[in-house]
Amino acid sequence: MSHRGRRFGGFQEEKHQLTRPTRKVLGALGIFLGNHRLGLFFSVVLIGLSSIASVISPILLKDGIDLATEDSNYQVALWFMWVFLGLTLFSWILSSINTRVQAKISSRMLFEVREKIFDSLVHADIDYLKNEQSGNVTARITSDTEEVGTGLGIIISSGIQVLLLVSSFVIIVTQVHWLVALIALVSVPVALVLSAILAYFGKRIIINIRRAFGVVSGKMAENLAGVTISKSFNREDELAEELKKLNQEHYNYNKKFGLLMQLMMPTINAVSLITLGVILIVGGILNADGVLTIGEIYLGAVLAQRFLMPVIHLSMSWPSFQSSLGAMDRILDVLEIEPKVTDALDAKKLQTEDDAIHFENVSFAYNKGVWVLEDINLSVNSGELIAVVGETGAGKTTLCTALLPRFYDVQKGSIRIGDDDIKDVELYSLRKSIGMILQEPYLFTATVMDNIRYGAPEASNEDIRDLCKLIGADEFIEALPKGYDTIVREGGKKLSAGQRQMITIARMMLANPRILVLDEATSRLDAYSESLVQRAQELLFKGRTTFVIAHRLSTIRNADRIAVIDKGKLVELGTHSELLAKRGYYAELYHTYYSFQGFEKVELSQEEWSKIEQQEREEMKRLAMMQEQMKKGKGQGKGMMKGQPTPHGAHGSTGSAHGSQKLVHPKQDMADLSPEQKKKMMEKMKLKKGKVRKE
Amino acid sequence: MNATTEKKKLITERYSSFKKFFWLYWIKLNPKFILVSIIGIAITSFMETWPAILLGDGLDELINSGVTNQFYYYSIMIFVAAGIAWVAYFISAYLWTLAGFRFERDTRQEFFEVIHNHSMAFHDVNDSGVLLSMGMNEVAQMRMAYNPAIRQLVRQFFSISVTIYFLWQINSIIGIALLLCLVWYLALAWQYAKRIGPVRRKLAKELGEVSSSSQEIFRGIDVVRSYGNEEVEQKKFSKVSNNYAELIKTEGYLSSFYWPGLVLVVFTAVAFGYSMMLMMSSRQDFTVGDLTKVIALLLALNRFNFFIPRLLLMLQAGLINAERLWGVMTFDDPMIEPENPERSEWTESIVFENVSFNYPGTSKEVLKDVSFTIPPGSNVALLGGPGSGKTTVLKLLLRLYDPSEGIIRINGLDMKDLPTKEVRSSVTLVEQDIFLFSDTIKANIAFSRATATDEEISLAARRAKAANFIEAMSDGYDTVIGERGVTLSGGQRQRLAIARALLSDPKVLLLDDFASAIDVKTEVQLRAGMDELIKGRTSIMVTHRLSTLADADMIILMKKGEVVDIGTHKELLEHSEDYQFMCQYLPQKENGGN
Ligand SMILES: Nc1ncnc2c1ncn2[C@@H]1O[C@H](COP(=O)(O)OP(=O)(O)OP(=O)(O)O)[C@@H](O)[C@H]1O
Ligand SMILES: Nc1ncnc2c1ncn2[C@@H]1O[C@H](COP(=O)(O)OP(=O)(O)OP(=O)(O)O)[C@@H](O)[C@H]1O
Ligand SMILES: [Mg+2]
Ligand SMILES: [Mg+2]
């Protein structure tokens, strides 16, 4: 939640050197073009015809002028007019049709590129997606794709320009004079030099402008996301001041770019005028010698100017062509992703008999050499409720929500469900069998109803209502402006933290999974709501294998067994009383800290404090070392310990009513469902799976 | 130079409508630049059109007398025109460009300041992604309306005028016909821009859709995968992306068959034929040179035809964006700063008198007739279910919103009479979801008080039990956190937030259920930090922890926006059924392991 700002793609570090040979990148562009060979061929024909027409019409003008110098009649003038008109109309119509054809081709091409990228990304390893800076991924799909589109457009229009260039040249040589052609040619190197200058300086400035723009944008995004905080601390003015500086920087680069462009443009115009002047003089002299007619001089002047246009056009589009090559290069990075976590060739559906889960000698590292989990051996019986406890960063979330659903593959050891190694199972069936509530509630922009339905598209509205009633969410959802049809926006910014969590709970429960993973699932709820959720869980999912990551003693105590993880190692495993008797890590935790969850305050002695601080220092050193290692290895570590900045946001506890004696509240029963309705729900949950396990 | 620093009055106060804002503000920013620029453009236009005449004159001279000095004079004047045009173009375009970029910079800044200063009522209903894109892209598009669009249009205007003048000189009928033709042309072109404008706007919106929908999917990729919904999302995206592609096609279709262009083409052809006839009939006053002049001028006009539609579209987009920005900037803020601001010492009670509240833009009352009194220096706990209004109470105390009904009294004063700045400098909130900026740790702590010295910062960190982990980092207080920096754990973030709150030394401290998300060890440390924070000030905290509740001087029990009971832990245990009910679910201290 806390770094929402980055969602809006702020600053994006881009590479500016191609990582592939240009040939390869061009080849990739060619493939996209190739899919529309027919359309493109048609378009080329149209362009060819229309450029022939547009080159012929000046010849007509020339002949007209030459004719008019001699004596002729009106008929001839009219005839010229009609032909000229016909030609220009012809060229107008052709190029209009061509625009249409190209609109169609290019829109399809963009669509295809986009689909390809999306397809590649949506199946990419989580590892990849989490390591990419947020915003970057989206940039591939949006701006980079657009840029590639521009590049494709440039390729096509360059074709036109080259055609024009060649045909003008041929006509000048054949119809006018080689000397005039030579003059026209002289302007080419001038234009080329100009474009080289533009490319050299322009590229750098453009990169800087983009960067500065990204910085301003990122800052603005962050400030908008943190508006509550800046208001609470009265910091609006300072933030505005900060932005002003960045804004000024952007302006400074813009200014440079403006200077460059405004030096370039008139120079090009001047070259074109000078060419005109030179041709006039040379043409005059040649005319005096009787070599050139007036009309031919005129034709030379017109064509020479037309000659320059393609050259200018080509050189002006060079920088944006380059940047679209860059975009294509980045897109290729995405298209060439080879997901490591994929279905095995002979992958089968997960067996449905046995829900026991075995972690065998599991070791795992997000980044090579930095072990997050080491040699975990843990067997969870079918139907067992197991609590996973440990300090921040111990690896609980990694174990249960990253490895079990096979978002990542373990480096050593294996994970089995029943007898199936999860590597041999179809991902889809594996993940469908596991229901998870992640530490960080995440909602989509959709109605509340659709959010809850996310994992069970076939569920009826009534099912959803019943379930929400059961967990006590119905009440507040009904109270939303449009009840269940209210659209959740921006991750649910108009919902309270607890409400957001409730919806993710309902979503998981409705999906009716065989195996449950609750990662601090009720941390944002008050004890009462928590108890409702817990009872619903018991009612609907009793006897299913369940992992509960929790900090709250009451939950932990009531688990069948407790797994204690410390710095990536499974240090203890057993029931509450077994572990207490062991007088190990858990017992210490229990006696020193858990009592804190009751009425008493913990008074820590000086030694205890220094011990804690000592531990923390060591932890930090460990982290620092990891960072170092990461930097050395691969050199791709951007985030440090976590690819995503937020996963630590929502720890908490799953309390439970069990164990303490219960008062029956006079006013409320646990849920507004009648016993029949409850039964109905239970039936539904079982029937759908087609498997009933007795416990 | 920089207008925003000097002026006090906001854009929205200076202009009465978005149109005036659009047309006047940028000129106002740099009137001299624009003036010089316009003169320069006029010169450029003349100098770039004149060579067509010189060419004609040169050819006439050639026909009549051959290569004479006069002929050379005409030719050389073309070079002179090129030189003058170069200088005039550079000066005018550069100045104009500067004016445009300045407009962009200043408007972006002001836009941000204005919306940032709008109250939460505004930010609740406006999507921050949309606001961002307005501040960045739409402001840039407005700038593009000035530069290049208006600059080029002005240039075209001068060129056309010069062309008409020259043609008039050659032959008045052609001149007049061209004038009429151009009026027709422009009318058609504007019509065209109007037709394509909406498609463009839709296109921009669709692109936003493509971007936000993909962003959402990849941010929540673990959720997508855990429900095996990759294909579903792919289909959804494909639909969005297809809509966009179809729109692009539509736009392309609309821009083909550009009818206004036809007008010019036909006119050129007709003028060509007409001039030829003229020449043949009356050799004396209509020369070959004249014929070439007419054609050259008209061909040049056809070249403008290439740009004009784009320019008109840019202009149109700029106008529309101006309207949108204007709408957002003139948001009618329900939060009004008091006309006669009072000061409060916050030494007496905080009183809620029958406060009801609904979030702006919604009709649901999330607080209903809430009344309570918080004595100074007391330690109050708020308890209640999800969505019962706890966070809302805290937000009202920060004056992020004003109650819809009822009064919040501070020292007997109505909170509405206290400026928001005043309230917020006395009250500090530690939020439920900690927000940290991607900046250094130091800057994040000092966020609550910019003037804090390094010692004060490290003291605050020490008191919040954060110093330890900060100092263990390689860059200490200068460590950058966030995307390109170190990632902090939940507990560490919260301790930073506490250090931040400590540094602001508030009179009233609001803590929103901030300890629910951390492991026990961290929580114990946090508590120590918090005790420091609470000492000697009024504090109101949302909590579900029994020990905190038992310690509180007063517990306010909330349910669905109403206060159901108030009292100490003991009192409530005795008389409140709701509280008893709540308490049985709170984690209890157990007597050893059983
Ligand atoms: N995507 C990631 N890339 C790299 N490192 C990661 C990633 N996710 C987690 N880590 C690191 O792995 C370790 C274990 O993290 P994990 O989230 O599993 O801990 P946890 O026990 O769930 O802690 P918490 O109680 O804070 O949720 C931590 O050091 C963390 O920084
Ligand atoms: N910005 C907003 N706009 C509209 N409604 C809102 C907004 N913020 C909160 N609400 C609604 O107001 C009600 C009270 O929310 P509030 O955040 O005060 O609850 P809470 O008591 O803090 O709950 P929790 O314990 O879950 O944090 C909820 O129903 C919520 O949906
Ligand atoms: Mg975790
Ligand atoms: Mg809240």
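The values are calculated or read from the model by the stated rules, or taken from the named source; none is laboratory data. As the structure is a prediction and not an experimental result, all values here were calculated from the model. Please note: Cβ atoms are built from the backbone with ideal geometry, for glycine as well, and neighbour counts cover all protein chains shown. These accessible areas exclude ligands, DNA and RNA; they are computed on the full protein's heavy atoms, side chains included. Shrake-Rupley method; radii C 1.70, N 1.55, O 1.52, S 1.80 Å.
Is there a residue being away from chain B (no Cβ under 14 Å), closer than 25 Å to A:ARG431 by Cβ and open to solvent by less than 40 Å² (accessible area, probe 1.4 Å) anywhere in segment A:329-346? Checking segment A:329-346: at least one residue is away from chain B (no Cβ under 14 Å), closer than 25 Å to A:ARG431 by Cβ and open to solvent by less than 40 Å² (accessible area, probe 1.4 Å). Is it the case that B:ASN354 is in contact (Cβ under 8 Å) with a residue 12 or more places away in the chain, more than 14 Å from chain A (Cβ to nearest Cβ) and in contact with a helix residue (DSSP H, G or I) (Cβ under 9 Å, 6 or more places away or on another chain)? Criteria not met by B:ASN354.
Each residue in segment B:223-246 was checked for being facing another protein chain (nearest Cβ under 8 Å) and either surrounded by fewer than 16 Cβ atoms within 10 Å (Cβ to Cβ) or over 20 Å from A:ARG453 (Cα atoms) (or both), and 7 of them qualify. Looking across segment B:304-336, the residues that are exposed (fewer than 15 other Cβ atoms within 10 Å of the Cβ) and more than 21 Å from the chain's Cα centre (by Cα) come down to B:PHE306, B:ARG310, B:ILE336.
Quick one: which of B:ASP519, B:ASP475, B:ASP513, B:ASP531 is at pLDDT below 85 and at positive phi?
Values: B:ASP519 fails: at positive phi; B:ASP475 fails: at positive phi; B:ASP531 fails: at positive phi.
Matching residue, one of B:ASP519, B:ASP475, B:ASP513, B:ASP531: B:ASP513.
Condition first: of a type in the set (Ser, Thr, Tyr), within 8 Å of chain B (Cβ to nearest Cβ) and in contact with a helix residue (DSSP H, G or I) (Cβ under 6 Å, 6 or more places away or on another chain). Can you find one or more residues in segment A:56-67 that meet it? No, that holds for no residue. Among the residues of segment A:185-213, those that are at pLDDT below 85 and small (Gly, Ala, Ser) comprise A:SER187, A:ALA191, A:SER195, A:ALA196, A:ALA199, A:GLY202. Under the condition of being open to solvent by 40 Å² or more (accessible area, probe 1.4 Å) and closer than 19 Å to A:ILE274 by Cα, the residues counted in segment A:166-186 number 6. Across segment A:466-485, a minimum of one residue is classified as farther than 30 Å from A:LYS396 by Cβ, among the aliphatic types (A, V, I, L, M), in a loop (DSSP other than H, G, I, E, B) and not assigned by TED's automatic domain parsing to the domain that holds A:TYR408.
Could we say that A:LEU110 is touching a residue at least 12 places away in the same chain (Cβ under 8 Å) and at the interface with chain B (Cβ under 7 Å from one of its Cβ atoms) here? Yes, satisfied.
Looking at A:ARG489 and the list (1) basic (Lys, Arg); (2) within 12 Å of ligand 2 (Cβ to nearest atom); (3) buried (at least 22 other Cβ atoms within 10 Å of the Cβ), which single condition is not satisfied? With respect to (1) basic (Lys, Arg); (2) within 12 Å of ligand 2 (Cβ to nearest atom); (3) buried (at least 22 other Cβ atoms within 10 Å of the Cβ), A:ARG489 is out only on (3). Quick check on my filter: what residues within segment B:212-243 are at negative phi and outside any helix (DSSP H, G or I)? Selection gives B:GLY220, B:TYR227, B:ASN229. Scanning segment B:534-562 for residues that are surrounded by fewer than 22 Cβ atoms within 10 Å (Cβ to Cβ) and under 40 Å from the mean Cα position of the chain (by Cα), we see that the one that is modelled with the highest pLDDT is B:GLU562. Could you tell me whether any residue of segment B:403-418 is basic (Lys, Arg), away from ligand 2 (no atom under 13 Å from the Cβ) and open to solvent by 10 Å² or more (accessible area, probe 1.4 Å)? Within segment B:403-418, one or more residues are basic (Lys, Arg), away from ligand 2 (no atom under 13 Å from the Cβ) and open to solvent by 10 Å² or more (accessible area, probe 1.4 Å). Of everything in segment B:341-362 that is of a type in the set (D, E, K, R) and at pLDDT below 90, the residue that is most open to solvent (accessible area, probe 1.4 Å) is B:ARG343.
Are any residues in segment A:267-320 in a loop (DSSP other than H, G, I, E, B) and either of a type in the set (Val, Ile, Thr) or open to solvent by less than 10 Å² (accessible area, probe 1.4 Å) (or both), and if so, which ones?
Answer for segment A:267-320, where residues must be in a loop (DSSP other than H, G, I, E, B) and either of a type in the set (Val, Ile, Thr) or open to solvent by less than 10 Å² (accessible area, probe 1.4 Å) (or both): A:VAL291, A:LEU292, A:THR293.
For segment A:283-306, check the following and say yes or no: at least one residue is touching a helix residue (DSSP H, G or I) at 6+ places or on another chain (Cβ under 8 Å) and closer than 30 Å to A:LEU33 by Cα.
Scanning segment A:283-306 turns up at least one residue that is touching a helix residue (DSSP H, G or I) at 6+ places or on another chain (Cβ under 8 Å) and closer than 30 Å to A:LEU33 by Cα.
A single member of A:THR397, A:THR392, A:THR486, A:THR447 is at pLDDT below 90, among the β-branched types (Val, Ile, Thr) and in contact with a helix residue (DSSP H, G or I) (Cβ under 6 Å, 6 or more places away or on another chain), and it is A:THR392.
Any residue that is within 14 Å of chain B (Cβ to nearest Cβ), more than 8 Å from ligand 1 (Cβ to nearest atom) and among the small types (Gly, Ala, Ser) - is there at least one of those in segment A:360-369? Among the residues of segment A:360-369, not one is within 14 Å of chain B (Cβ to nearest Cβ), more than 8 Å from ligand 1 (Cβ to nearest atom) and among the small types (Gly, Ala, Ser), which makes the answer no. Consider segment A:74-88 and keep the residues that are open to solvent by 40 Å² or more (accessible area, probe 1.4 Å) and within 7 Å of chain B (Cβ to nearest Cβ). The one that is modelled with the highest pLDDT is A:LEU78.
Being open to solvent by 10 Å² or more (accessible area, probe 1.4 Å), under 30 Å from B:ASP57 (Cβ atoms) and facing chain A (nearest Cβ under 7 Å) is the filter here; which residues of segment B:90-111 pass it? Matches in segment B:90-111: B:PHE90 only. Taken as a whole, segment A:255-262 holds at least one residue that is open to solvent by 50 Å² or more (accessible area, probe 1.4 Å) and touching a residue at least 40 places away in the same chain (Cβ under 8 Å). For segment A:414-437, does any single residue satisfy the condition of being within 16 Å of ligand 2 (Cβ to nearest atom) and either within 14 Å of chain B (Cβ to nearest Cβ) or of a type in the set (Ser, Thr, Tyr) (or both)? Yes, segment A:414-437 contains at least one residue that is within 16 Å of ligand 2 (Cβ to nearest atom) and either within 14 Å of chain B (Cβ to nearest Cβ) or of a type in the set (Ser, Thr, Tyr) (or both). Assessment of segment B:201-208 against the conditions (within 12 Å of chain A (Cβ to nearest Cβ), touching a residue at least 40 places away in the same chain (Cβ under 8 Å) and outside any helix (DSSP H, G or I)) yields no matching residue. Against the conditions (1) within 14 Å of chain B (Cβ to nearest Cβ); (2) under 27 Å from B:TYR359 (Cβ atoms); (3) away from ligand 2 (no atom under 16 Å from the Cβ); (4) open to solvent by 20 Å² or more (accessible area, probe 1.4 Å), A:ASN461 satisfies every one except (1). Here the helices (runs of 4 or more DSSP H) wholly within segment A:144-255 that include at least 1 residues being within 30 Å of A:VAL44 (Cα to Cα) and within 31 Å of the chain's Cα centre (by Cα) are A:145-171, A:178-225. Can you work out which of the residues in segment B:363-402 that are away from ligand 4 (no atom under 16 Å from the Cβ), open to solvent by less than 40 Å² (accessible area, probe 1.4 Å) and within 29 Å of the chain's Cα centre (by Cα) is nearest to the other protein chains (Cβ to nearest Cβ)? In this case the residue turns out to be B:ARG399. Taken as a whole, the condition of being of a type in the set (A, V, I, L, M) and either within 30 Å of A:ALA521 (Cβ to Cβ) or within 16 Å of ligand 3 (Cβ to nearest atom) (or both) applies to B:LEU509.
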